Number of protein chains: 2
Amino acid sequence: MIRIPTRVILCLFAAACLSAQAQPADPLPSWNEGASKAGIVAFVQAVTDTASKEFVPPEERVATFDNDGTLWAEQPLYVQFVFMLDQLKAAAPKHPEWKDDPAFAAMIKRDRQALAKLGQKPILLMLAAANSGMTVEAYDKTVRKWLETARHPKFKRPYTDLVYQPMQELLAHLRANGFKTFIVSGGSIEFMRPWAEKAYGIPPDQVIGTISDVKFQMKDGAPVLMREAKIAFIDDGPGKPVGIYRVIGRRPIAAFGNSDGDLQMLQFTAAGPGRRFMLIVHHDDAEREYAYDRQSHIGKLDRSWDEAKAKGWTVVSMKNDWKTIFAFEK
Amino acid sequence: MIRIPTRVILCLFAAACLSAQAQPADPLPSWNEGASKAGIVAFVQAVTDTASKEFVPPEERVATFDNDGTLWAEQPLYVQFVFMLDQLKAAAPKHPEWKDDPAFAAMIKRDRQALAKLGQKPILLMLAAANSGMTVEAYDKTVRKWLETARHPKFKRPYTDLVYQPMQELLAHLRANGFKTFIVSGGSIEFMRPWAEKAYGIPPDQVIGTISDVKFQMKDGAPVLMREAKIAFIDDGPGKPVGIYRVIGRRPIAAFGNSDGDLQMLQFTAAGPGRRFMLIVHHDDAEREYAYDRQSHIGKLDRSWDEAKAKGWTVVSMKNDWKTIFAFEK
C-alpha cells in the first residue's frame, strides 16, 4: 500500500480547488461568437497547452497593447490632447511667446486639420513646455485631478469610463493564462500611469509610452525629479519596437493595435518564431462609438489594414464582434 | 448550525497548506545575526503587517538594486568591461580609426588608471561602436556565448558564479513578501538581461540600465532592431532616479547599492513618505572577495558612505555580516 501524507492530499485538493475557481465558463462574455473570438481562444489554448508543439513558457508570454483607439476611445481628439488644451490655457499667461506659434493657435481653436498637418512632435513639444518646471509628483496630481472633472463631449462621462469592456476581458483572460500585459502607446507615460492600473490591471512599470525629460535635483534640501520642456523618446510607429526593446527586453508573442502607428509593433511581433497573434480593432460602429479608418486624422487605419488582410491578422469589427463596447451600456 | 460547503473548507486547507510551505524558518541563512539582518527582517515585517501603521500595499512594494558590487563582484574590472575588451579586440580589424584613440589604447593595455581618468562615457561609447551594426538578437547571442567561456581571474569560475548568495536570499525574501524587485545599474541592459532571470529571479523587464540606441528597420524583408553606435541613456548617479521614473513609475521604498553611483537612488528612495530601507554593501573582505572603498577606481564608496552614516542607513560589512559570500564556498 502506498501511503500519501495528508498534507500532499490537501495540496492536491488545493490545486484542484484553485484552478476550478480560476476558470470561468466564458472568459470573453462581451465578445460575440465568431472568427475574432475563436481566434483569441485558440491562440491562448495553443500556447498554454504543455502538450502542444506551440507551447510557450509563461515567462515568454508577453502581450503588448496600443492604448488610444485600442483600449479606450480616441475620438473626437486624443484624450491627452484635450488635457493638453486645458493645461495650455492655464499656462498661457506665463508664456507670451506662444501668441505667434501656429501650434498654439491650432490647439486653442481646436483646429483638427491644422493639428493633423502639424503632426505629433510640435504638439507634444508644446505639451512638454506647458507642463515643465514642476516635479513629476505635482504633475501626476494635475493629471488625476483633471480626469476626475473632465467629461467626454459625446458620452458626457469621465474619460476613464470609455475603456472598451471586451478589451478589459481580453487583458484579464491573457493574464489568467500567465501572460504579462503591457501598454505600448504614443501617449505619454505620465498621462496613462495614474489610471491604467485601475482601468486595465496594468501597473505603472508595464506602461510604455512617450517620455519627457526629467532631471534629478535637490530642491530645498529634498531630492526631486523636475520635468524639462524636452521629449526624450517618442513611442510611436517605428519607436514602438524600440520602446519594447528598452523596457520589456523580449519580443511579444501577441500584439494589439488599431492604427498605422501600430504597424511596426505588429510586424515586429509577427516576425518572431512560433505561434503569434496580431489583432487590429476596426472602428466601424458610428452609433455606439465612432466609424473611421483610412481617411481619419486621428487613428488613421490604412497601411496596417492592408497588411492585416495580406498576412491574415485578426481584424475586429467593433460593430459585429463586440456585444458590449462600454460597461455603462448595460 | 452553520453549514460550510466542502469546497470552502478545502480552500481554507489549501490556503493554510500553501502558506505553510512558503515560510521557511530563516529566509536569510547566509546572513550572520546582527543589526543588518535584524534591520532587513524588521523592515519587511513592518511594511507587510496589515495591523502596522507602516503597512504598504503590495503594489507599492518596489525595491531597487544596483548590480555591480551590490549583487555580484565588480573587481578587478567591471565584468562588462572585460567583455568589452574581448569584443574590441575582435572588432579592431574593422576599425583602423581606433589606433590613435586613447580609450582604445587604455582598454587594450588594461590600464586601470587611464580608464578611471577617462570616465564611463567614452568607454561606453567605444563599447557601442564595437558592438553596433548587428541586430539585438545577434548581440544577445554574443553575450551569452561569452559568459559561457569567460572565467574570473581570481576565482577561476564563470562570472555568473560570482553573484552574492546573501543578496539572492534577500531578493527572494522580498519577493516572497510581495515586493517587485528591479535592477537599476550603470551597466547596459543587454549585458544583464541574458542571465539576470536565472541568477536573481529578475525578468528582463525589471532590468533597468544604460541603453544603446537601436533602430527599427526592414532587412531582407524582415523587421529587425539594429544596434547603433550611440548611447541613448546613461543609468548612473543622477540618472538612476530618472531610469526609475521612466521604467517603474513609482518611488522605491527600499534601495540597495554599494558605491557613489548609487547615492541619488538612495536619496530619492529615502525622501519618500512612510517607512523606508536603504542599504549599502561595504567591501571589506580581502580574503573571501575584495576590500575597497574611498580610494577605489571601481565602485568608489565615499559620499554614499558618509551619507549612510549621517542618515542611519544600513551598512553591510561583507566580512562580518555575511556567513557565505558565494554559493561555491560551501
When the residues of the range A:72-82 are filtered to those that are part of a helix (DSSP H, G or I) and surrounded by 21 or more Cβ atoms within 10 Å (Cβ to Cβ), which remaining residue is modelled with the highest pLDDT?
A:V79
What residue, among those in the range B:236-271 that are in contact with a Pro (Cβ under 8 Å, 6 or more places away or on another chain) and not aliphatic (A, V, I, L, M), is nearest to A:K215 (Cα to Cα)?
B:P241
Would you call A:P273 surrounded by fewer than 23 Cβ atoms within 10 Å (Cβ to Cβ), at pLDDT 95 or above, out of contact with any Ser or Thr (no Cβ under 7 Å at 6 or more places or on another chain) and more than 9 Å from every other protein chain (Cβ to nearest Cβ)?
yes
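Give the range A:220-239 a look and list any residue that's free of Cβ contacts under 8 Å to residues at least 60 places away in the same chain and among the charged types (D, E, K, R), or say none. I'd like the intermediate steps shown before the answer.
Residues of the range A:220-239 that are free of Cβ contacts under 8 Å to residues at least 60 places away in the same chain, as a first pass: A:220-223, A:232-233, A:235, A:237-239.
Listed by number, the residues that qualify are A:D220, A:D235.
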Going by the conditions given, is A:I189 crowded, with 17+ Cβ neighbours inside 10 Å, closer than 24 Å to B:D236 by Cβ and hydrophobic (A, V, I, L, M, F, W, C)?
yes
Exactly one of (1) touching a helix residue (DSSP H, G or I) at 6+ places or on another chain (Cβ under 9 Å); (2) surrounded by fewer than 18 Cβ atoms within 10 Å (Cβ to Cβ) is unmet by A:K121. Its number?
(1)
Every pair of residues 6+ apart whose Cβ atoms lie under 8 Å, when the first sits in the range B:50-63 and is surrounded by fewer than 16 Cβ atoms within 10 Å (Cβ to Cβ) while the second is in a helix (DSSP H, G or I) and of a type outside the set (D, E, K, R)
B:S52/B:Q45; B:S52/B:A46; B:E54/B:A46; B:E54/B:V47; B:F55/B:A46; B:F55/B:V47; B:F55/B:T48
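Can you confirm whether B:L225 is at pLDDT 95 or above, part of a strand (DSSP E or B) and either under 16 Å from B:V62 (Cα atoms) or in contact with a Pro (Cβ under 7 Å, 6 or more places away or on another chain) (or both)?
Working: at pLDDT 95 or above: yes; part of a strand (DSSP E or B): yes; either under 16 Å from B:V62 (Cα atoms) or in contact with a Pro (Cβ under 7 Å, 6 or more places away or on another chain) (or both): yes.
Criteria met by B:L225.
Can you pull out every residue in the range B:45-71 that is small (G, A, S) and assigned to a strand (DSSP E or B)? So that I can check it myself, show each step before the final result.
The first filter runs over the range B:45-71 and keeps only residues small (G, A, S), leaving B:46, B:51-52, B:63, B:69.
Across the range B:45-71, the qualifying residue is only B:A63.
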Selected residue (criterion: farthest from the other protein chains (Cβ to nearest Cβ)) from residues of the range A:124-146 that are without any contact (Cβ under 8 Å) to a residue 60 or more places away in the chain and surrounded by 15 or more Cβ atoms within 10 Å (Cβ to Cβ)
A:M126
Could you list, ordered by first residue, the pairs with Cβ atoms under 8 Å in which the first is in the range B:98-112 and of a type in the set (D, E) and the second is part of a helix (DSSP H, G or I), at least 6 apart or interchain?
B:D101/B:M126; B:D111/B:A105
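Kindly establish whether A:V247 is under 30 Å from A:G133 (Cβ atoms), touching a Leu at 6+ places or on another chain (Cβ under 9 Å) and within 8 Å of chain B (Cβ to nearest Cβ).
Numbers: under 30 Å from A:G133 (Cβ atoms): yes; touching a Leu at 6+ places or on another chain (Cβ under 9 Å): no; within 8 Å of chain B (Cβ to nearest Cβ): yes.
When the stated conditions are applied, A:V247 does not pass them.
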What do you reckon, is A:I208 crowded, with 23+ Cβ neighbours inside 10 Å and in a strand (DSSP E or B)?
yes
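Collect the residues in the range B:64-121 that are charged (D, E, K, R) and over 25 Å from B:I244 (Cβ atoms), keeping them in residue-number order.
Residues of the range B:64-121 charged (D, E, K, R): B:66, B:68, B:74, B:86, B:89, B:94, B:97, B:99-101, B:109-112, B:117, B:121.
Of everything in the range B:64-121, those that are charged (D, E, K, R) and over 25 Å from B:I244 (Cβ atoms) turn out to be B:D86, B:K89, B:K94, B:E97, B:K99, B:D100, B:D101, B:K109, B:R110, B:D111, B:R112, B:K117.
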Return only the number of the condition from (1) surrounded by 14 or more Cβ atoms within 10 Å (Cβ to Cβ); (2) modelled with pLDDT of 85 or more; (3) basic (K, R) that B:R112 does not satisfy.
(2)
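Restricting to the range A:105-137, what's the tally of residues that are of a type in the set (S, T, N, Q) and part of a helix (DSSP H, G or I)? Talk me through it step by step, then tell me what you get.
First pass over the range A:105-137, keeping only residues of a type in the set (S, T, N, Q): A:113, A:120, A:131-132, A:135.
Now drop any that are not part of a helix (DSSP H, G or I), which leaves A:113, A:120.
Looking only at that region, the number is 2.
Any chance the range B:40-49 includes a residue that's at pLDDT below 95, under 25 Å from B:G261 (Cα atoms) and out of contact with any helix residue (DSSP H, G or I) (no Cβ under 8 Å at 6 or more places or on another chain)? Talk me through it step by step, then tell me what you get.
In the first step, residues of the range B:40-49 are kept if they are at pLDDT below 95; the result is none.
Looking for residues that are at pLDDT below 95, under 25 Å from B:G261 (Cα atoms) and out of contact with any helix residue (DSSP H, G or I) (no Cβ under 8 Å at 6 or more places or on another chain), one finds none in the range B:40-49, hence no.
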So, A:K215, is that one more than 18 Å from the chain's Cα centre (by Cα) and more than 10 Å from every other protein chain (Cβ to nearest Cβ) or not?
no
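Pick out the one residue from A:P194, A:P223, A:P203 that is at the interface with chain B (Cβ under 9 Å from one of its Cβ atoms), over 18 Å from B:F268 (Cβ atoms) and in contact with a helix residue (DSSP H, G or I) (Cβ under 8 Å, 6 or more places away or on another chain).
Working: A:P194 fails: at the interface with chain B (Cβ under 9 Å from one of its Cβ atoms); A:P223 fails: over 18 Å from B:F268 (Cβ atoms).
Among A:P194, A:P223, A:P203, only A:P203 is at the interface with chain B (Cβ under 9 Å from one of its Cβ atoms), over 18 Å from B:F268 (Cβ atoms) and in contact with a helix residue (DSSP H, G or I) (Cβ under 8 Å, 6 or more places away or on another chain).
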From A:F179, A:F155, residue being under 30 Å from A:D26 (Cα atoms) and touching a Lys or Arg at 6+ places or on another chain (Cβ under 8 Å)
A:F179
Only one of (1) over 27 Å from B:Q165 (Cβ atoms); (2) in a loop (DSSP other than H, G, I, E, B) is not met by B:L85, so which one is it?
(2)
Please determine, by comparing only the residues of the range A:228-270 that are touching an Asp or Glu at 6+ places or on another chain (Cβ under 7 Å) and assigned to a loop (DSSP other than H, G, I, E, B), which one is surrounded by the most Cβ atoms within 10 Å (Cβ to Cβ).
A:N258
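On the basis of being at pLDDT below 95, more than 14 Å from chain A (Cβ to nearest Cβ) and under 14 Å from B:L170 (Cβ atoms), does B:P29 make the cut?
Working: at pLDDT below 95: no; more than 14 Å from chain A (Cβ to nearest Cβ): yes; under 14 Å from B:L170 (Cβ atoms): yes.
No: the conditions fail for B:P29.
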Selection from the range B:151-171 of residues that are surrounded by fewer than 20 Cβ atoms within 10 Å (Cβ to Cβ) and out of contact with any helix residue (DSSP H, G or I) (no Cβ under 6 Å at 6 or more places or on another chain):
B:R151, B:P153, B:K154, B:F155, B:K156, B:R157, B:P158, B:Q168, B:E169
Quickly run through the range A:278-328 and pick out the residues that are under 14 Å from A:E74 (Cα atoms) and among the polar types (S, T, N, Q).
A:S296
Here is a list of conditions, (1) within 14 Å of chain A (Cβ to nearest Cβ); (2) more than 22 Å from the chain's Cα centre (by Cα), and B:A35 meets all of them except one; can you say which number that is?
(1)
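Inside the range A:278-288, can you point out the residues that are in contact with a helix residue (DSSP H, G or I) (Cβ under 7 Å, 6 or more places away or on another chain) and either farther than 22 Å from A:D302 by Cβ or not in a strand (DSSP E or B) (or both)?
Taking the range A:278-288 first, the residues in contact with a helix residue (DSSP H, G or I) (Cβ under 7 Å, 6 or more places away or on another chain) are A:278, A:280-285.
Once the filter is applied, which keeps residues that are in contact with a helix residue (DSSP H, G or I) (Cβ under 7 Å, 6 or more places away or on another chain) and either farther than 22 Å from A:D302 by Cβ or not in a strand (DSSP E or B) (or both), the range A:278-288 yields only A:D285.
The values are calculated or read from the model by the stated rules, or taken from the named source; none is laboratory data. Note that the structure is predicted; figures quoted are calculated from it, not measured. Backbone-built Cβ (ideal geometry, glycine too); neighbour counts: all protein chains shown.
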